[in-house]
1. How many percent of all Cα-Cα pairs in the stretch 9-49 sit more than 11 Å apart?
2. To make sure I understand the rule: partners must be lysines, Cα under 27 Å from the Cα of LYS96, and not fewer than 8 residues away in the same chain. Which ones qualify?
3. Report the extension gain between GLU32 and ILE90 in nm, rounded to one decimal, defined as 0.36 nm multiplied by the number of residues separating them, less their alpha carbon distance.
4. Enumerate the aspartates and glutamates that LYS30 could reach by cross-link, defined here as Cα to Cα under 15 Å, with residues fewer than 8 away along the same chain left out.
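What follows is calculated from the coordinates using simple rules that are stated; it is not laboratory data. All of these numbers come straight from a predicted model, not from anything done at the bench.
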Amino acid sequence: MGGRKVMKEVRLRIVQEALSGIKIAVLARKYEVHPETIRTWIKEYRDQVGDDEIPSTDEQIQELRRLQDVEEKYQKAVKILGEKELEIEILRELLKKKNPAYP
């Protein structure tokens, strides 16, 4: 029962964002939900969402900027991790050699 309540709260938040002007395709990618599902939720919950509950455009822009910043940091961290894994692999190969190039 608790899970349904949480899910309903998430649905209402998604409907609020959709009604505030965010494209359904963007919301679908953000929440990993099919766009048609979001359209169905909008039809179901449109009356339950008041105008005062719809987030402002400024809040949405700030959230999108924050998400973009987090995504950039994530991509940078993944790149650094890949480089470090490559370095470790090179060092392991050097340790396996009997006569490494270093004296």
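1. When every Cα pair of the stretch 9-49 is considered, 56 percent fall beyond 11 Å.
2. LYS79, LYS84
3. So the extension gain works out to 17.1 nm.
4. List returned: GLU17, GLU63, ASP69, GLU71.
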